[in-house]
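Here's the structure we're looking at; comments come further down.
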Amino acid sequence: MKQLFSLMLFLSGIGSLCAQMPETDIYLVDMHVNSGVYTFDNPVNITNRKGYDNQPYFSAQGNMIYYVADYSGKQTDIMLYGLQDGKSIQLTNTPESEFSPTVMRGTDYISCVRVEKDSSQHVYRYTKTGNYPVDLTPKNDSVGYHAWVDDYHIALFVLDSIRTLQVVEVRSQTYDTIALNPGRSLQTLSFVPEILYTQMNADSIWEIKKYNYKSKEKLDWAVLPKGVEDFSITRDGKLMCGKEGKLLMINPYQKESQWREVADFSKAVGSFYRIAVSPRNDKIAIVGFKGKKP
């Protein structure tokens, strides 16, 4: 258990909580959709400082972005960026580190992965002002990432003796393991009980799987480009990823198998990997990095 935290940080692309934190910035990009065709422009660095700023997530209205930042060199806290005023405020200021802030559906709360003093990692609920934390996964102390399947079920990337993808029903605290050796990228949509996750194939390439939690049906959904392990999804189900500063897209619903380039941010941003999509489907937030990919 004591070795879990350092290994989880390695898998999460976070490194140590001090000098080895990667240099990352969050860019806000305009997204336009015309007759199903996507175009992207106007990338703006909204963090623009030396240090770690990562894991963006749009508010339910799409007018704010939650993210985490390391200002102290000791732990990360949750920040909130306003799209209208272009300013960030700090929501949490705790001795524990918070990661992956996520808006809880239909509530006035956000959830995150919190690293406790004993290095255990749980999903916590906070108010949207960053107060009154409540442990939502007290029976699982090894959570790396999470995504809400519906109002009461959370998909969990769990690293214990073996990596697993689990779903917890938060009221009853019942856990269901649905996959072994998943990757770190998890995506869900609000209108279907489906989980998109990754597993590595024999050629060391990450494949995206789609799992319906109601029907228990599991499908091979897409294959990510070589060297890519993070992806996101638009509100109409198209998949996106970043590689070498290029934004790539594919539509599995139309049986597409080849990723196509939809934007080139190699000069304006450089390399990026994480992508968050606005609920309005009009903007994305991408995480640029310097040096080796986190």
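Backbone geometry of the range 200-211 corresponds, through the Karplus equation with coefficients 6.51, -1.76 and 1.60 at θ = phi - 60°, to 3J(HN,Hα) couplings of 7, 8, 5, 9, 6, 10, 7, 10, 8, 10, 10, 10 Hz, x marking Gly and Pro. Sequence-ordered 3J(HN,Hα) estimates for the range 276-291 from the Karplus curve with 6.51, -1.76 and 1.60 and θ = phi - 60° stand at 10, 10, 5, x, 7, 6, 10, 8, 10, 10, 10, 9, x, 9, 10, x Hz, glycine and proline given as x.
Adding -39500 (n - 2.57) for every DSSP H run of four residues or longer, then dividing by how many residues the chain holds, sets the calculated 222 nm ellipticity at -1000 deg cm²/dmol. Full extension of the chain between Asp220 and Thr177 yields a length gain of 13.7 nm, computed as 0.36 nm times the residue separation minus the alpha carbon distance.
Shape call for the chain from the C-alpha gyration tensor, a ≥ b ≥ c root eigenvalues: rounded (a/c under 1.5), prolate (a/b greater than b/c) or oblate? Rounded shape, in that the Cα axes give a/c under 1.5.
Give the shape of the range 81-216 as rounded, prolate or oblate, defined through the alpha-carbon gyration tensor: a ≥ b ≥ c are the square roots of its eigenvalues, a/c under 1.5 means rounded, and otherwise the shape is prolate if a/b is larger than b/c and oblate if not.
Numbers: a/c = 1.58, a/b = 1.45, b/c = 1.09.
Prolate is the answer for the range 81-216, as a/c is 1.5 or above and a/b outweighs b/c.
Close amide H contacts of Gly183 (hydrogens built in the peptide plane, cut-off under 5 Å, sequence separation of 5 or more or a different chain): Thr198, Gln199. Distance between the pseudo-spin-label points of Lys293 and Val170 (7 Å out from Cα toward the beta carbon): 3.1 nm.
If you roll a 1.4 Å probe over the chain with all protein chains in place, what percent of the accessible area is carbon or sulfur?
49 percent
The mean sequence separation of alpha-carbon pairs under 8 Å and at least six residues apart, normalised by the residue count of the chain, gives a relative contact order of 15 percent. Extension gain for the segment Thr94 to Asp108, taken as residue separation times 0.36 nm less the Cα-Cα distance, is 3.0 nm to one decimal. Each Lys or Arg adds one and each Asp or Glu subtracts one; over the other residues with Cβ under 9 Å from the Cβ of Pro252, this totals +2.
Around Thr198, under 12 Å between beta carbons, what's the net of Lys plus Arg minus Asp minus Glu among the other residues?
Details: positive: Arg163, Arg184, Lys209, Lys210; negative: Glu207, Asp220, Glu229, Asp230.
Summing Lys and Arg as +1 and Asp and Glu as -1 gives 0.
What the phi angles of the range 44-61 give under the Karplus curve with 6.51, -1.76 and 1.60, with θ = phi - 60°, is a coupling list of 10, 6, 9, 9, 6, 8, 7, x, 9, 10, 7, 6, x, 8, 6, 5, 4, 8 Hz, glycine and proline written as x.
With the Cα gyration tensor of the range 145-292 giving a ≥ b ≥ c as the square roots of its eigenvalues, does the rule (a/c under 1.5 for rounded; else a/b larger than b/c for prolate; else oblate) give rounded, prolate or oblate?
Values: a/c = 1.70, a/b = 1.54, b/c = 1.10.
Prolate, since a/c reaches 1.5 and a/b exceeds b/c.
Taken over the C-alpha atoms, the range 109-187 has Rg and Dmax values of 11.9, 35 angstrom. In this structure the chain gives 45 Å² per residue of accessible area when probed at 1.4 Å with all protein chains present. Between Met200 and Asp282, the simple label model (points 7 Å from Cα in the Cβ direction) yields a spacing of 4.1 nm. With the alpha-carbon atoms of the range 240-280 aligned to their principal axes, the span from lowest to highest coordinate is 31, 25, 13 Å, starting with the largest.
From largest accessible area down, sort Thr234, Thr47; use a 1.4 Å probe on the protein chains. Walk me through the numbers before you get to the answer.
Values: Thr234 0, Thr47 20 Å².
From most exposed to least exposed: Thr47, Thr234.
Between the amide H of Lys243 and those of Leu248, distances stay under 5 Å, these residues lying 5 or more places away or on another chain, with hydrogens modeled in the peptide plane.
Under a 5 Å amide H cut-off, with hydrogens placed 1.01 Å from N, Tyr71 pairs with Asp77 among residues at least 5 apart or on other chains.
The values are calculated or read from the model by the stated rules, or taken from the named source; none is laboratory data. This is a predicted model, so every value here is computed, not measured. Methodologically, a virtual Cβ is constructed for each residue, glycine included, from the backbone with ideal geometry; neighbour enumeration extends over all protein chains shown. In case anyone asks, the SASA skips ligands and DNA or RNA and just uses the protein heavy atoms, side chains included. Shrake-Rupley method; radii C 1.70, N 1.55, O 1.52, S 1.80 Å.
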